[in-house]
Amino acid sequence: MITIPAQESAGFAPSCENRRIKEAARLAALLKEASRTGHRQEEVQCILDVQEGLWESSVPEERLHKVFSLVFQAAGEHAPIGGRIYAKLGNVAISNAEAEAVGIQPGAYVKVSITNSGFNMDCPESLTTETDALCGLIHTPGPNGEVAFFLPAEHNENPAPKPGIEEKQRILIMDDDEAVCEIATQMLKFLGYESAVSMNGDEAVTMYKQAQEQGRPFAAVILDLTVPDGPGAEETIKRLEALDPNVTALISSGYFDEPAVAQFQDYGFSGAIIKPFRLKALGAVIKAALTGEIG
């Protein structure tokens, strides 16, 4: 059964085909209900993230529920026990170039992004038909894939931002464990960041320097405390500080009682992340570090 470790919705009532979603909260409840019913694999966790101030979108409720259920069912069939499916609702402004790629008109949309943690993300053949004239659709197949919908946003008291391309902040991950890197990459994507991976300190320093030279610097780096084949977090941060005195570095480890983790500020770090990563904690630590709110 797909479970949602968040506040449960007050309830879900069956709807007729002509009923349309008018409230943002209703859209979130619909997505939750679809995640519970559109699956076959047991013990799959669905993590839902809804942006504050979500715009309203008037779309046929029953049809949208069917679309969501198809995606969750396809994802659940490939998900291993303990696998995770991430569903995110957020406001986006689509530029002309982006609109052409998706096959929609430029403007304000509510984006529904459904991703996973490493298993195959198929898109049902019937999904294109179901979304026709309903919303835009983008599908990135395979492991760590994504199915994204773009629902036309209704008029809001707060005007939508003008369409444009917003460059995402980039995070560099340094960890020799490929599974950790894969999960961190997916979590960062879900949180709205771009990411790059390095396997040791030498590689991290090289990538950080190249990013600076290319004018696309990393907003922060996540450094594993101990790496067998190269420098770990403590040595790497010293080398990064030589390149960039204002580097924002986070230390990661499976042990919270390590001195460099427990007293991370004394070692030059802006935060500490305990493995295995948890989505909410990861997002909070990164946000605090980037805004200077070190606790």
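A few points about this structure:
- When residues of segment 263-284 are limited to those that are in a helix (DSSP H, G or I), in contact with a strand residue (DSSP E or B) (Cβ under 8 Å, 6 or more places away or on another chain) and farther than 16 Å from residue 195 by Cα, the one modelled with the lowest pLDDT: 281
- Answer residue from segment 234-262, given it is in a helix (DSSP H, G or I) and acidic (Asp, Glu) and is surrounded by the fewest Cβ atoms within 10 Å (Cβ to Cβ) among those: 241
- Residue in segment 109-129 that is touching a strand residue (DSSP E or B) at 6+ places or on another chain (Cβ under 8 Å), open to solvent by less than 10 Å² (accessible area, probe 1.4 Å), modelled with pLDDT under 65 and not small (Gly, Ala, Ser) present: yes
- Restricting attention to segment 203-233 and to residues that are acidic (Asp, Glu) and out of contact with any Gly (no Cβ under 9 Å at 6 or more places or on another chain), the residue that is farthest from residue 289 (Cα to Cα) turns out to be 229.
- Residue check for residue 231: open to solvent by less than 20 Å² (accessible area, probe 1.4 Å) and in contact with a helix residue (DSSP H, G or I) (Cβ under 7 Å, 6 or more places away or on another chain): yes
- Selected residue [within 21 Å of residue 188 (Cα to Cα), open to solvent by 60 Å² or more (accessible area, probe 1.4 Å) and either among the β-branched types (Val, Ile, Thr) or at pLDDT 70 or above (or both)] from 45, 51, 73: 51
- Scan of segment 191-202 for residues that are more than 18 Å from residue 282 (Cα to Cα) and crowded, with 18+ Cβ neighbours inside 10 Å, ordered by number: 198, 199, 200, 201
The values are calculated or read from the model by the stated rules, or taken from the named source; none is laboratory data. As the structure is a computational prediction, the values presented were derived from the model and not from experiment. Backbone-built Cβ (ideal geometry, glycine too); neighbour counts: all protein chains shown. To get the accessible areas, we keep the full protein, side chains included, count just its heavy atoms, and leave off ligands, DNA and RNA. Shrake-Rupley method; radii C 1.70, N 1.55, O 1.52, S 1.80 Å.
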